[in-house]
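Single-structure report; data block below.
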Amino acid sequence: MQNEPTSADDLKRAKGILLRQIPLGESSFDAIGSQLLKLSIEGKLLDAMTIAGRHYLKLTAPEVQQAYAKHVRPDAFITAVKGPAPKG
């Protein structure tokens, strides 16, 4: 992703995942109250999730590529395995 933009299908799929998380975070009175309280404590606008959704829709593949290059360091990734130690 640092060397070439993501495909249109992958970008559409990622946007869909992000957008579907917004209503799921507001699926109960408790979730809505928790979200509003968290936004308030963080000093964010109470419609921050709506604003975020609009930004997600406008994202382009080159913008995602630029953000990935700036903020993600693949050479620093590690692999963690949970479970019993391998035998032998």
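FYI, it's all coordinate maths here, none of it is from the lab. Note that the coordinates shown come from a computational prediction; the quantities given were computed from them, not determined experimentally. Every residue, glycine as well, gets a Cβ built from its backbone with ideal geometry; the counts of neighbours run over all protein chains shown.
Observations on the structure shown:
- Put a plus charge on the Cβ of each Lys and Arg, a minus charge on the Cβ of each Asp and Glu, and nothing anywhere else: the dipole of the chain about its Cα centre is then about 180 debye.
- PHE29/LYS82 FRET efficiency (R0 41 Å; Cβ-Cβ; nearest 0.05): 0.75
- Against the main long axis of the alpha-carbon atoms of the chain, helix 61-71 sits at an angle near 70°.
- Here the chain yields Rg over Rh of 1.11, to two decimals, using C-alpha coordinates and the Kirkwood radius.
- With Cα atoms, 0 to 90° folded angle of helix 48-58 axis to the chain main axis: 60 degrees
- Angle of helix 8-24 to the longest C-alpha principal axis of the chain, folded into 0 to 90 degrees and rounded to 10: 50°.
- 13 Å reach of a label modelled at GLN66, 7 Å along Cα-to-Cβ, counting backbone N of the range 45-60: 59-60
- Binning the C-alpha pair distances of the range 10-61 at 10 Å intervals from 0 yields a P(r) profile of 24, 47, 25, 4 %, listed from the shortest bin outward.
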